[in-house]
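Here, each number is a calculation from the coordinates, and none is a lab measurement. Since we're looking at a predicted model, the values are computed, not measured. Note: ideal-geometry Cβ built from the backbone for every residue, glycine included; neighbour counts use all protein chains shown.
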Amino acid sequence: MLNQAKTILEQTFGYRQFRPLQQEIIANVLKKNDTLVIMPTGGGKSLCYQIPALIFGGMTLVVSPLISLMKDQVEQLVALGVDAVFLNSSLSFEDYQRNVARIRRNKIKLLYLAPESLLSGKILTLLSSLKIDCITIDEAHCISEWGHDFRPEYRRLITVRGKFPEAVCIALTATATPRVQEDIKANLKLDNSNQFIASFNRENLFLQIVPKDNPLLQTIEFLAQRPKQSGIIYCFSRRQVDELTDALAEEGFSVKPYHAGMTDRERKRSQELFIKDDVQIIVATIAFGMGINKPNVRFVIHFDLPKNIESYYQQIGRAGRDGLPAHCLLLFSYGDIQKIKYFIDQKEEKEQRIAQMHLSALVSFAETIVCRRKPLLNYFGERYTIDNCRMCDNCLAGKKPLQNITIAAQKFLSCVVRTGELFGAHHIIDVLRGSQGQKVLKFQHQNLSTYGIGKEFSKRQWLHLSRQFIQNGFLEQDTKTGSLRISEKAKSVLQSGEKVFGHLVEEKADFRKTPKSEQEYDHSLFDLLRKKRKEMADSANLPPYVIFPDKALIEISVYYPQSEENFLQIYGVGRAKFSKYGGEFLTLIREYCEANRIAEVGRHQRKSLKNRTKTGQKPRHTVIGEMFNTGISIRKITANFNIKETTVLDNLYKFIQDGRSLNRADEFKSLSSLSPTQQTEVLLNFTKLGVEYLKPVFDEMDGQISYDELRILRLFYLSG
Ligand code: ADP
Ligand code: ZN
């Protein structure tokens, strides 16, 4: 049966391999063992019950808490050619009856229902005459009062199980807290041997936290770097959502708000525009996200501090479900901590203690100078032991060699002493940087000898330094007030000049790149494919990602498949999808390739390309050289990377210097605008004077031939 599972994975879903644990879970369900699955968002939970559902003879029931989630899942399954339906109040009478009729005729493999529907007499009667092989409880944390979305009807699901003795039960959730997990197990009577917990590390999320100094400007700068991407911005309050939405709209961004103060209709509308790629950015309070499955959310910004690590994790989890890199930016300010503290103070005493603990865990996560994945995963009881994740701000900064930061340490520590060990890092930095701020003047700190002696570093740099001083044990921080005191250890720095080493971050946070740079691909083809996909999606009234995921379009833009066989190799392209949508795409790809004289990249080549991109970033000149060798014109490469032709030529030369060869000398010849005689003369001069430097040849020809021409002919000479 496992072979069958693999075949379905490939032919129906169009995926090549199982993700971690999927295969084990599927095997367990097929053995009809009740199973609990705990996997982060984007981990691939759905396949764990969808594949068994296609293998079982009878039907699989899927209990799901939200209509939007059901709709999304069913749309995706239908696009894959799977017989799936839902029954809920959003259907018209006719559609409802039609679905019921198909269920009666045993035509349906997966039936999605809200818990209350499954508990209703009408549905139970409908199902009583049918063979039910599996009951799936999606978003199973709704069972627990300790979870964030408790749904009382979920608790009663246990009563339904007895009515379907042949059915295996699989419960799935992305909730990482042990308490909720225990609750689910107890409620559904699941035992530990049938529990599968995946790692909560989401490798493709880049985690960045920067001090919030001008949040609107910071946000605009961030967004401006990502013109075509979808993302979510989370704010603390409704008012903030509205203000930010307006401000961003004024700047010309495609943006809509989402919060509890809007009507259901308005909210639904925002959500739908976002899902259909009609709007790129949603500014939301935490209310947004649970009902969406959009896989290509490329960034999540926390404009304000989230309540605790759990909600932070849950919210960033909405980014990058498709496995492609996504950027999670948190703007961190001490003012926000005060806001949250204020809310905590309103709570009862017992709750206060817990909330405070959560908050301080969040603050130390924000302030850490080690890999952010360490405290984050540690919070969920997981140990992260890799030294450099390459996907957080600290790891990227840490890649640089340690610097001598003794003088900075002396300045900072002595300023802490001079101000009486009563203040937090922000105030110390204000004094060091010579601020005229009220607080500085009020305490007359402008008269201190340490006033204004630290202007060489930005606030961001000082903050990062101060965190290192804390982590290195030179400073102790009062957990209540945030004020800093120097430690015994600091005295040797101040008195005997002990050296301190650490990292200095860039003056300004760099929002530009989301590391683990994406695969290089043909952007013009990608844009065409995206347009086509949008047209098709609109006419079918579906979200674009249901037609093909972004990752599929990217793969197409790397490998240019022009035959059915090769198209079927593309990520996420199964048989049914191919026959529904493949034709139109193939036509587009063929026309594009013909117009640009591009050849298909074969399977074998693809494999080697793939492996290399996996093991790390290939240098750009290698990528460019390889692209050239697959038949892509220089003009295309220039457009693709958005660089000058000269740069492409230089990159190709570098490629040759690496000992590799270029296989299309004639392309260079056709680029040259020199007469054949001139060309011959240049080539002779290369033989005479060598190719390493162009100047001798340039001089030899009395400056009559431009350097660009020489670059072109040098490549011709070397690849000939
Ligand atoms: P979850 O429910 O855990 O958040 P999903 O089931 O929605 O995650 O899966 C996230 C994305 O990953 C979906 O687009 C899904 O189709 C894709 N996916 C799942 N399993 C695989 C796999 N084995 N290979 C490639 N993609 C997969
Ligand atoms: Zn890291």
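A few comments on the model shown:
- Normalised contact order of the stretch 2-197, rounded percent, pairs of Cα under 8 Å and 6 or more residues apart: 29 percent
- The sum of -39500 (n - 2.57) across all DSSP H runs of n ≥ 4, divided by the residue count of the chain, sets its helix-only mean residue ellipticity at 222 nm to -14500 deg cm²/dmol.
- Residue-count net charge about residue 486 - beta-carbon cut-off 14 Å; Lys, Arg +1, Asp, Glu -1: 0
- Cross-link pairs exceeding 30 Å in C-alpha to C-alpha distance, out of 45/268; 212/347; 442/491; 276/341, comprise 276/341.
- Among 451, 306, 70 - extreme Cα towards positive end, dipole of the chain, charges at beta-carbon: 70
- The stretch 222-335 shape via C-alpha gyration tensor axes, a/c threshold 1.5: rounded
- In terms of packing, defined here as the mean over residues of other Cβ atoms within 10 angstrom, the peptides 137-143, 427-433 line up highest first as 137-143, 427-433.
- Diffusion of the chain by Stokes-Einstein, at 20 °C in a medium of 1.002 mPa s and with Rh set to the Kirkwood radius over alpha-carbon pairs, works out to 73 µm²/s.
- Reducing the stretch 179-237 and the stretch 270-320 to their Cα centroids gives an inter-centroid distance of 9 Å.
- Prolate/oblate/rounded label for the stretch 205-397 (Cα gyration tensor, a/c 1.5): oblate
- Per residue, the average separation of C-alpha pairs within less than 8 Å and at least 6 apart gives the chain a relative contact order of 11 percent.
- Where chymotrypsin sites (Phe, Trp or Tyr not before Pro) fall in DSSP loop in the stretch 643-710, at most 12 other Cβ within 10 Å: 693
- Only Cα pairs under 8 Å and 6+ residues apart enter the sum, and on that basis the relative contact order of the stretch 406-556 stands at 22 percent.
- Long-range tail of P(r) for the stretch 153-267 (Cα pairs > 18 Å, %): 69 percent
- Geometric descriptor of the stretch 620-719, per residue, is 89 Å³ (volume of the convex hull of the Cα atoms).
- For the stretch 403-502, the Rg and Dmax computed from alpha carbons only, in angstrom: 12.4, 35
- Karplus 3J(HN,Hα) series, Hz, for the stretch 673-678 with 6.51 cos²θ - 1.76 cosθ + 1.60 (x for Gly, Pro): 9, 7, 6, x, 5, 4
- Here the chain is treated with +1 on each Lys and Arg Cβ and -1 on each Asp and Glu Cβ, and its dipole about the Cα centre works out to around 1260 debye.
- When you count the other C-beta atoms within 10 angstrom of each residue and take the mean per peptide, 347-360, 458-471 line up highest first as 458-471, 347-360.
- Tensor-based shape of the stretch 51-175 (alpha-carbon gyration tensor, a/c under 1.5 rounded, otherwise prolate or oblate): rounded
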